[in-house]
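Just so it is clear, none of the values below were taken in a lab; they were calculated from the coordinates. Note that the structure is predicted; figures quoted are calculated from it, not measured. Glycine gets a Cβ as well: all are built from the backbone with ideal geometry, and neighbour counts include every protein chain shown.
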């Protein structure tokens, strides 16, 4: 089997296989770039575009896309339905081990009107232990 230089691994019998397809990597990278851009990332247009780009990778189970889209929906959407979808995406990403999703989910649960302190404590503890998040430790002290 002939492999391109990009697909070679130490052993020529095992090509490197990406966990997600090329068609999900590009939108994910563009969305991440848009949201992380200092100037562009604050505009409603960039957030809306990033949301559209993250939707398909999130549906396909890409954890980083679920985390970013969940945070975007929870922070920047005004309607209840979008926030509920965002919370669900954050929960999926948090279960998969994404520390940013764990922190955001813990923060949301600790500040929600239904105040679910036990669940908030669980996710904040995971975020503090997995990534050493100072913010998660601070929120845990406040609970």
Can you give me the distance in nm between label points at residue 118 and residue 88, each placed 7 Å from the Cα along the Cα-to-Cβ direction? 2.4 nm
For segment 20-96, count all C-alpha to C-alpha pairs, find those more than 17 Å apart, and express that count as a whole percent of the total. 39 percent
10 °C / 1.306 mPa s Stokes-Einstein diffusion coefficient of segment 100-143, Kirkwood radius on C-alpha pairs, µm²/s: 165 µm²/s
According to a simple spin-label model (label point 7 Å from Cα along Cα-to-Cβ), what is the distance in nm between residue 130 and residue 33? 2.7 nm
Report the gain in length on full extension from residue 78 to residue 56: 0.36 nm times residue separation, minus Cα-Cα distance, nm rounded to one decimal. 5.7 nm
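Hey, with R₀ at 25 Å, roughly what FRET efficiency would residue 96 and residue 44 work out to, going by the Cβ-Cβ distance, to 0.05? Walk me through the intermediate numbers first.
Working: r = 29 Å, r/R0 = 1.16.
The formula returns an efficiency of 0.30 here.
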